[in-house]
Amino acid sequence: MAIPFPKLKYSLSALEPFISERTMDFHYNRHFLTYVNTANALISQTSYHDKNLRGIVSTSVGPIYNNAAQAFNHEFYFNCLIAEPPLIPSRLSEELARQFGSADAFLKSFQESAIGNFGAGWTWLAMDPVTKKMEIKNTTNAGNPLSDGLSPLLCIDVWEHAYYLDYQNRRKDYVIGFMNHIDWNFVARQFDECMSLFR
Ligand code: MN
């Protein structure tokens, strides 16, 4: 299979009470798996069948893009989460401070973007691999920074299926919970990788 269904790095109940086991079971085992299976079925008879996921997302459109991007986005999102969040590594917090005024200013701005992202979509911290400029980006549906040539560093899923069983209409409470469960070591690894490109 070209597009993998990666194992979760924590148990389905690990993020409780922020995200219930029931939400995680639906989100990971049904929504995410369906995107992976659908994308694999759609690419099976095309030239995308032997490309890697980032390559497919960066170059496809229509149903292949929608399902492949959702596969990428969900893998990325689950990797951004952790039960006991580490501190932001200093090399990353210093760069956030340089580009957003302070790490706290970045966090506030990211949180507000996610709360205000209208409808189904994703909120990202992304970085231009050439200029190294970071930006907070809201996308809708399967939208993804890879399509704009940007490297994703952090994302939150704000589709209702990510939080409705636990929070119903209270997206703000879900977003605040997310801010307290970010795996900053994963984010810093994406940052390091992007910093090393085109050098
Ligand atoms: Mn989702």
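The values are calculated or read from the model by the stated rules, or taken from the named source; none is laboratory data. Everything numeric here is computed off the predicted structure, so don't read it as measured data. Every residue, glycine among them, receives a Cβ derived from its backbone with ideal geometry; neighbour counts consider all protein chains shown.
What pairs come out if I take residues in the stretch 158-170 that are within 15 Å of residue 22 (Cβ to Cβ) and away from the ligand (no atom under 11 Å from the Cβ) and pair them with residues that are of a type in the set (Phe, Trp, Tyr) and part of a loop (DSSP other than H, G, I, E, B) whose C-beta lies under 9 Å away, six or more apart or interchain? If the second residue must be of a type in the set (Phe, Trp, Tyr) and part of a loop (DSSP other than H, G, I, E, B), the pairs left are 166/18. Answer yes or no as to whether residue 36 is β-branched (Val, Ile, Thr), assigned to a helix (DSSP H, G or I) and farther than 20 Å from residue 158 by Cβ. Spelling it out, residue 36 is indeed β-branched (Val, Ile, Thr), assigned to a helix (DSSP H, G or I) and farther than 20 Å from residue 158 by Cβ. If you filter the stretch 129-150 down to residues that are among the polar types (S, T, N, Q) and surrounded by fewer than 20 Cβ atoms within 10 Å (Cβ to Cβ), you find that the one that is farthest from the ligand (Cβ to nearest atom) is 131. Within the stretch 5-35, being of a type in the set (A, V, I, L, M, F, W, C) and more than 10 Å from the ligand (Cβ to nearest atom) holds for 5, 8, 12, 14, 15, 18, 19, 24, 33. When 49, 74 are screened for being part of a helix (DSSP H, G or I) and either assigned by TED's automatic domain parsing to the domain that holds residue 170 or in contact (Cβ under 8 Å) with a residue 60 or more places away in the chain (or both), only 74 passes.
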